Every structure is written in C-alpha cells, then in structure tokens.
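S.K.: Before I ask anything, here is the structure I am working with.
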Amino acid sequence: MSRRAVNPTRLLGDGGSIPFVGSVQCKARTSPLLSIGLIAVGAILLIGYCYSSSVSGSSDVKAVNKLDGGVSCTSEVQRALPFLKKSYGDSMHKVLHVGPDTCSVVSTFSKEEDTEAWGIEPYELDDVGANCMSLVHKGIVRVADIKFPLPYREKSFSLVIVSDALDYLSLRYLNITLPELARVSADGVVVFTGSPGQHRARGAEVSKFGRPAKLRSSSWWINYFVETSLEENEAATKKFEQASTKRSYNPSCQVFHLTSGH
Ligand SMILES: *[C@@H]1O[C@H](CO)[C@@H](O)[C@H](O)[C@H]1NC(C)=O
C-alpha cells in the first residue's frame, strides 16, 4: 500500500508531456488491485528511463559542441577563410568542405561573393538548427560515411577542404578517403588536422566519432603523402604562409595543401 504514496507525476517531473500518464494514475487510484498499480509503476519507470537516457544523450551533444568551439579544426577552417582566398583565388568558386559541423562552414563560405559551398557531414547530424536542416534538404550538405566512395563525380569541386575527419580514420580508411577527396577536386585538397598534444575531450569524441582522435605529427603526414603519391601544392602552400605571416595568423591546426594529381 505504501507504494501508492509514490506520485507518478512527481517521479516524472513534468508528467504532463506524456498523455497517458494521467489515465494510468487515475485507474491506479480507483482500483484496489495491486497488479494495476505495479504495472503503472513499471510503465512509469520505463518512461522515466527513456526520458533520462534521451536527456543524457543530448548532454553528450553539448559536450561535443563545446569541443568544437575549443580546439576543433572545423572552426579553424572558418578563421582561415581570408587566407585560403588569398592562396586559391578563383579556385574558391566551388568548394566542398568535409568534416563535422560542416553546416557552419558551408554557411560562412557561401556568404562570400563568387563562392559556392557544399558540405559532407561524416558523422550524425544531431541537434542541428533549421538552417542546417534546410541545407540538408536542398542536398547542399550530405551526410555520408567517408570510409566509402563519395557520391560525386570526378572534379566536381574546384577545391576540397577537410577538417577533423581524417584524425578519426585508421590507415586502412585513410588510404581510401584521401584519394577520394583528390578525385572529386579539380584544383587541390586542403587538409586541416589536429596537432599532437592538442587537448581534446576524449569522452565526447568517442561518443560522436566512435574513437578518439589520432593526432599525427607533421612529419608523419608529409611522409604519408609521399608514400601515397599525393603531391604538395607548393604554390598554394607558399601563398598561404605569406598571407598568414603578413597578418600574424597562426592556425591552431596543421594545414596541408595538396594537388589533386590530375
Ligand atoms: C596504406 O597505404 C600505405 C601507402 O601506400 C601503405 O604503405 C599501407 O600499407 C596501407 N595501409 C593499409 C592498412 O592499407
């Protein structure tokens, strides 16, 4: 009998959002059968469980967003925009960005005159705003697993920019993905990767990306590019460095400029 004292609405906090709780509670009150009461308590616990797990899910998303605001290379891409324009000039007319939070990059880049921006979001799109959903509905931003061939033809974009995504790929997939990025680009690929020692929130990363980032050194990357016959775009590298030095811009991520190789 003492179980009755547990008020289901109190258990749930705002039970009002779940329409049938009211009726269950009503039956339990009028019926003397303990079994109905137990079923009601069971249902409430189940609802409470679902409710709390969905709440904890969204707090993970918040943690990831915080991570993005801090050391993410996707936000670095946005800061680098003026320098990329200086380095690539006309090659900025059709840009594909590949990486988490691509909606924000696409929105920033499309504000530029003469720049058309497209995006691939390699991870789940969770908790995104109406603006991002609209980009997805228009097909400007696609959600695609970059471990597989990209849904674009050869040289579909003048420039491909990738941030954060390669840090989460093992060598096996890197061998597939990087040549794919080169294939769909006409004038080059710009790679933004984390630097070794960069602090990242591991827990949030694993829940979003499936594994912690592998932050590889600059010499590792250069060696890898040579082994996989990806050539450095020397002209773009030089222009990017000159423009950065001139304005004392110091990117917090490693930036590599590669040719498309065709
Ligand atoms: C990836 O490519 C590199 C360079 O071609 C090669 O040495 C390495 O064995 C490949 N790794 C895997 C796991 O396929």
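The values are calculated or read from the model by the stated rules, or taken from the named source; none is laboratory data. Please read all numbers here as calculations on a predicted model, not as lab measurements. Neighbour counts run over all protein chains shown; Cβ positions are idealised from the backbone, glycine included.
S.K.: Inside the range 110-153, can you point out the residues that are among the hydroxyl-bearing types (Ser, Thr, Tyr) and closer than 15 Å to GLY99 by Cβ?
M.R.: Residue satisfying the conditions is TYR123 alone.
S.K.: Given the condition within 16 Å of the ligand (Cβ to nearest atom) and crowded, with 18+ Cβ neighbours inside 10 Å, answer yes or no: does some residue in the range 192-210 qualify?
M.R.: No, the range 192-210 contains no residue that is within 16 Å of the ligand (Cβ to nearest atom) and crowded, with 18+ Cβ neighbours inside 10 Å.
S.K.: Residues of the range 229-255 being surrounded by 16 or more Cβ atoms within 10 Å (Cβ to Cβ) and within 16 Å of the ligand (Cβ to nearest atom), which ones?
M.R.: Correct list: LEU230 only.
S.K.: Being assigned by TED's automatic domain parsing to the domain that holds ALA236, farther than 30 Å from LYS94 by Cβ and in contact (Cβ under 8 Å) with a residue 40 or more places away in the chain, is that true of even one residue in the range 177-196?
M.R.: So far as the range 177-196 goes, no, none of its residues is assigned by TED's automatic domain parsing to the domain that holds ALA236, farther than 30 Å from LYS94 by Cβ and in contact (Cβ under 8 Å) with a residue 40 or more places away in the chain.
S.K.: Taking the conditions exactly as written (in contact (Cβ under 8 Å) with a residue 40 or more places away in the chain and within 16 Å of the ligand (Cβ to nearest atom)), does LEU166 satisfy them or not?
M.R.: no
S.K.: So for the range 109-124 (the condition being under 25 Å from ARG211 (Cα atoms) and either surrounded by fewer than 17 Cβ atoms within 10 Å (Cβ to Cβ) or in contact (Cβ under 8 Å) with a residue 60 or more places away in the chain (or both)), does at least one residue qualify?
M.R.: Scanning the range 109-124, I find at least one residue that is under 25 Å from ARG211 (Cα atoms) and either surrounded by fewer than 17 Cβ atoms within 10 Å (Cβ to Cβ) or in contact (Cβ under 8 Å) with a residue 60 or more places away in the chain (or both), so the answer is yes.
S.K.: List the number of the failed condition for MET133; all other conditions in (1) in a helix (DSSP H, G or I); (2) crowded, with 17+ Cβ neighbours inside 10 Å hold.
M.R.: (2)
To keep it simple, each residue is scored yes or no on (1) surrounded by fewer than 18 Cβ atoms within 10 Å (Cβ to Cβ); (2) at pLDDT 95 or above; (3) of a type in the set (Ser, Thr, Tyr).
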position	(1), (2), (3)
SER54	yes, no, yes
LEU67	no, no, no
VAL77	no, yes, no
TYR88	no, yes, yes
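S.K.: Test ASP145 against the criterion of being without any contact (Cβ under 8 Å) to a residue 40 or more places away in the chain, under 21 Å from ALA204 (Cα atoms) and part of a loop (DSSP other than H, G, I, E, B), and give yes or no.
M.R.: yes
S.K.: Can I ask one more? For VAL160, only one of the following conditions fails: (1) away from the ligand (no atom under 16 Å from the Cβ); (2) more than 19 Å from the chain's Cα centre (by Cα). What is its number?
M.R.: Single failed check for VAL160: (2).
S.K.: Could you check how many residues of the range 187-204 are of a type in the set (A, V, I, L, M, F, W, C) and in contact with a strand residue (DSSP E or B) (Cβ under 6 Å, 6 or more places away or on another chain)?
M.R.: Residues in the range 187-204 being of a type in the set (A, V, I, L, M, F, W, C) and in contact with a strand residue (DSSP E or B) (Cβ under 6 Å, 6 or more places away or on another chain): 4 in total.
S.K.: Within the bounds of the range 165-175, is there any residue that is over 26 Å from ASP126 (Cα atoms) and in contact with a strand residue (DSSP E or B) (Cβ under 7 Å, 6 or more places away or on another chain)?
M.R.: The answer is no; no qualifying residue exists.
S.K.: A further question on this structure: Just checking, which of CYS103, CYS73 is hydrophobic (A, V, I, L, M, F, W, C) and without any contact (Cβ under 8 Å) to a residue 60 or more places away in the chain?
M.R.: Answer to the selection: CYS103.
S.K.: Right, something else. When you check LEU135 against the structure, is it among the aliphatic types (A, V, I, L, M), without any contact (Cβ under 8 Å) to a residue 40 or more places away in the chain and within 16 Å of the ligand (Cβ to nearest atom), yes or no?
M.R.: Criteria not met by LEU135.
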